[in-house]
1. One residue is enough: does region 265-285 have a residue meeting the conditions of a type outside the set (Gly, Ala, Ser), under 14 Å from residue 182 (Cβ atoms) and touching a residue at least 24 places away in the same chain (Cβ under 8 Å)?
2. What number of residues in region 184-201 are within 16 Å of residue 153 (Cβ to Cβ), surrounded by 18 or more Cβ atoms within 10 Å (Cβ to Cβ) and not β-branched (Val, Ile, Thr)?
3. Among the residues of region 164-189, which ones are in contact (Cβ under 8 Å) with a residue 40 or more places away in the chain and either part of a helix (DSSP H, G or I) or of a type outside the set (A, V, I, L, M, F, W, C) (or both)?
4. Is at least one residue of region 73-81 farther than 30 Å from residue 286 by Cα, among the acidic types (Asp, Glu) and touching a Phe, Trp or Tyr at 6+ places or on another chain (Cβ under 9 Å)?
5. Quick check on my filter: what residues within region 102-143 are at pLDDT 90 or above and among the charged types (D, E, K, R)?
6. Name the residues in region 70-90 that are under 28 Å from residue 292 (Cβ atoms) and of a type in the set (D, E, K, R), would you?
7. If you go through region 228-248, how many residues are touching a residue at least 12 places away in the same chain (Cβ under 8 Å), over 26 Å from residue 189 (Cα atoms) and not polar (S, T, N, Q)?
8. Report the residue count in region 28-60 for those that are touching a residue at least 12 places away in the same chain (Cβ under 8 Å) and among the basic types (Lys, Arg).
Amino acid sequence: MPALSGGFMDLLNLARGFQAAKMLMVAVDLAVFDFLEEPRSAVETAAWLKADARAAGIFLNGLAALGLLVKEVDYFKNSDLASLYLVRGKEEYRGEIIKHMEHTWDRGWHDLRYTLEVGHPREADPEKWVDAKPERDEKEVRAFICGMDAIARDLAPKITAALDLKQVKRLLDLGGGPATYAIAFAKAHPELRATVFDLPAPIKIAQEQIAKHGVSDRVDTLAGNFLQDDIGRGYDFIWVSQILHSHDESQCRLIIRKCLEALNPGGALAIHDFYLNKDGASPLGPAMFGVHMLAVTPRGRAYTFGEVGEWMAAAGLNPPEYLRYDEGDAGILVGQKK
């Protein structure tokens, strides 16, 4: 998102931002890109979608204007980008994260004014929210967990290279979702054994991914709620990726404390998140992500690396080291157990 220059059109374009996003979400949800791997007319596409022909033509022209489709005379076909990432069944398909973003609109962003007035989303009563995820249907859970894999699969090799795991024998991926990181760590370090801990629904997806990648002999799973249940013992390294931002400070401290108790002496805890600078309003990505957490969770927000570092030190870890592994908005705090 570019910085505002002060012109009125900047404000107008900011207000229009939802339009392109919603078009992409609807196109992914309807699997439009599956059909348009070959050139098709608007009439053909409308028939396939069981949609109105006039509306389909307008919609496809809009997708072409956004660069998601290529139009030649009266026929539409996927752009290279859409063909690579938005066609179901392809290895690089990433549509689930787009579906998840649409779910977050339905579950919170559309009602942001209410959240500002009362302090939490309409459906998320902080007193009843236990696991930071309300009950959702299976398709929505799969979109979220597979969406996390869509993001993590590009980051995992960079993170694996940045972390020193050479001496690690037992690793815990806490709240590991689709097991993307645990699988990457295991593949890079043949002597390492990993456990993925998450709620039962994500664990089913993790087991699918572990089997798919052929590491079932070295990556196992443990189902539970890390705020309530035992997370195990005897780990040399605990990886906590993009978990703290869904929780309030007391819950974050609890998670860190449980991790410390589960570590072997000399073991390390690594917390990966979108960290804010000390001012709390930069960089832009984490600041916007903080609003996203406000919109979709009862207690979550983005935290500064200073805040999380203080919690780690207060729990009994050595002062953590802050690692940057690419030019993105996320970083890693790594602290060793004394």
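The values are calculated or read from the model by the stated rules, or taken from the named source; none is laboratory data. Computed from a predicted structure; not experimentally measured. Positions of Cβ are backbone-derived with ideal geometry, glycine not excepted, and every protein chain shown enters the neighbour counts.
1. Of the residues in region 265-285, the ones of a type outside the set (Gly, Ala, Ser) are 265, 269, 271-279, 283-284.
Subset that is under 14 Å from residue 182 (Cβ atoms): 272.
Adding the requirement that they be touching a residue at least 24 places away in the same chain (Cβ under 8 Å) leaves 272.
Checked against the condition, which is being of a type outside the set (Gly, Ala, Ser), under 14 Å from residue 182 (Cβ atoms) and touching a residue at least 24 places away in the same chain (Cβ under 8 Å), region 265-285 yields at least one hit.
2. The initial filter retains those residues of region 184-201 that are within 16 Å of residue 153 (Cβ to Cβ), namely 184-188, 196.
In the following step, the residues that additionally are surrounded by 18 or more Cβ atoms within 10 Å (Cβ to Cβ) were identified as 184-186, 196.
If we keep only those that are not β-branched (Val, Ile, Thr) too, we end up with 184-186.
Adding up the residues that qualify gives 3.
3. Residues of region 164-189 that are in contact (Cβ under 8 Å) with a residue 40 or more places away in the chain, as a first pass: 165, 167-176, 179, 181-182, 185.
Passing the criteria: 167, 169, 170, 173, 175, 176, 181, 182, 185.
4. No.
5. 102, 111, 113, 117, 142
6. Filtering region 70-90 for residues under 28 Å from residue 292 (Cβ atoms) gives 79, 81-82, 84-88, 90.
Residues satisfying the conditions are 88, 90.
7. In the first step, residues of region 228-248 are kept if they are touching a residue at least 12 places away in the same chain (Cβ under 8 Å); the result is 228, 231-248.
Next, from what is left, pick out any that are over 26 Å from residue 189 (Cα atoms): 228, 244-248.
Add one more test, that the residue is not polar (S, T, N, Q), and what stays is 244-245, 247-248.
Residues in region 228-248 being touching a residue at least 12 places away in the same chain (Cβ under 8 Å), over 26 Å from residue 189 (Cα atoms) and not polar (S, T, N, Q): 4 in total.
8. Adding up the residues that qualify gives 1.
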